[in-house]
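I have placed the structure first, in the form of structure tokens, so that the comments after it can refer back to it.
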Amino acid sequence: MNGKIALALHGGAGPIRNPDTSKEIANLTKLLDEGEVALLAGASALDVVETMIQQLEEAGLYIAGRGSSPNKNGEFELDASIMDGANRRAGSVCALQGIISPISVARAVMEKTPHVMLAGAGARKFALEQGFAEITDTKKHFIPISPKGKNTDDLAHGTVGCVALDNQGRLAAGTSTGGVLNKIPGRVGDTPLIGAGTWADQQVAVSCTGQGEYFIRAAVAVDVSARMTYGGFSIDAAAAGALADMQRQGGDGGLIAIDHQGQVSMPFISHGMRRAALHGDGRREILVFR
Ligand code: ASP
């Protein structure tokens, strides 16, 4: 099969007080180009999702990877998950400390263990055993929060995520985050929870961002798929319906989704969402606000 390709990325939804989003736009544009080249060359959706998220983690522009903010104890506890829609395999890590790329550890959990999710010290031990690069100097690795440069609200949340459709018709999704600002040590949001922050099956791939507690209570990512499967809704209607249910619980945020035909949906209920898409019909979008 040599079908359509499609790709979408997000760098978090929420209040965006700094109107200059040129760095994020440039970064998302570059990644969208690289992801397109890889998918056209036949890369799997799963590989592209992992590579895109690794780079988003590394960019330091989002509240994930290097840009993560500390918890109340000043520690950096990171969450990530990845799912392969072709076979519903999934891997996830939560409250992971001291490892450079949480998304790659999540993939290793999927591929190298019989489990789906590893937490805290166990996740870190597994990552080190697997040879994942360790953060040797926390102060140098994480980009410090500048009270002048960034408004606290801006930092409230800002996860990264990616969904992709490859030319074999396979879908994949992944999400990675430093969580929410000032979280209680041990707090885990929706990002590493399969079905809440991340989902992929043969019909749709979804990655969410926003106030994780509400995304968990609405099981947003899998709800998009359920609305399509059982309700016969289009991807746009399913994504909007799942987000509206989350909003009724009191939360805000957004999601990116791609269906098996290469249709992309990127709704959000918040001030902005850093996002980029290559639609199955070739259209490109790189946006922060509406
Ligand atoms: N959903 C993430 C969390 O609650 C935060 C975000 O998307 O910005 O950990």
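The values are calculated or read from the model by the stated rules, or taken from the named source; none is laboratory data. Note that the structure is a prediction, hence the values are computed from the model and not measured. Cβ: placed from backbone, ideal geometry, glycine included. Neighbour counts: every protein chain shown.
Report yes if some residue within the stretch 208-226 is part of a loop (DSSP other than H, G, I, E, B), within 16 Å of the ligand (Cβ to nearest atom), touching an Asp or Glu at 6+ places or on another chain (Cβ under 8 Å) and not basic (Lys, Arg); otherwise report no.
Yes: the stretch 208-226 contains one or more residues that are part of a loop (DSSP other than H, G, I, E, B), within 16 Å of the ligand (Cβ to nearest atom), touching an Asp or Glu at 6+ places or on another chain (Cβ under 8 Å) and not basic (Lys, Arg).
The conditions are (1) touching a helix residue (DSSP H, G or I) at 6+ places or on another chain (Cβ under 9 Å); (2) of a type in the set (A, V, I, L, M); (3) modelled with pLDDT of 95 or more, and residue 184 fails exactly one of them. Which is it?
With (1) touching a helix residue (DSSP H, G or I) at 6+ places or on another chain (Cβ under 9 Å); (2) of a type in the set (A, V, I, L, M); (3) modelled with pLDDT of 95 or more applied to residue 184, the lone miss is (1).
Which of the residues that make up the stretch 50-89 are away from the ligand (no atom under 14 Å from the Cβ), among the small types (Gly, Ala, Ser) and in contact with an Asp or Glu (Cβ under 7 Å, 6 or more places away or on another chain)?
85, the sole residue that qualifies.
Within the stretch 250-290, how many residues turn out to be charged (D, E, K, R), under 20 Å from residue 177 (Cβ atoms) and in a strand (DSSP E or B)?
Residues that pass the stated criteria total 2.
What do you reckon, is residue 242 within 16 Å of the ligand (Cβ to nearest atom) and touching a Ser or Thr at 6+ places or on another chain (Cβ under 6 Å)?
Considered against the rule, which asks whether it is within 16 Å of the ligand (Cβ to nearest atom) and touching a Ser or Thr at 6+ places or on another chain (Cβ under 6 Å), residue 242 comes out as no.
If a residue has to be assigned to a loop (DSSP other than H, G, I, E, B) and closer than 19 Å to residue 14 by Cα to count, how many in the stretch 193-207 make the cut?
So the count comes out to 2.
Quick one: count up the residues across the stretch 34-67 that are modelled with pLDDT under 95 and closer than 15 Å to residue 106 by Cβ.
2
Considering 165, 181, which residue is surrounded by fewer than 24 Cβ atoms within 10 Å (Cβ to Cβ) and either of a type outside the set (Val, Ile, Thr) or within 12 Å of the ligand (Cβ to nearest atom) (or both)?
181
Only one residue in 34, 50, 57 is more than 15 Å from residue 275 (Cβ to Cβ), surrounded by fewer than 24 Cβ atoms within 10 Å (Cβ to Cβ), in contact with a helix residue (DSSP H, G or I) (Cβ under 6 Å, 6 or more places away or on another chain) and among the charged types (D, E, K, R). Which one?
Of the residues listed, the single one that is more than 15 Å from residue 275 (Cβ to Cβ), surrounded by fewer than 24 Cβ atoms within 10 Å (Cβ to Cβ), in contact with a helix residue (DSSP H, G or I) (Cβ under 6 Å, 6 or more places away or on another chain) and among the charged types (D, E, K, R) is 50.
With the stretch 1-118 as the region, which strands (runs of 3 or more DSSP E) entirely inside it contain at least 2 residues that are within 14 Å of the chain's Cα centre (by Cα), basic (Lys, Arg) and within 28 Å of residue 281 (Cα to Cα)?
Strands (runs of 3 or more DSSP E) meeting the threshold: none at all.
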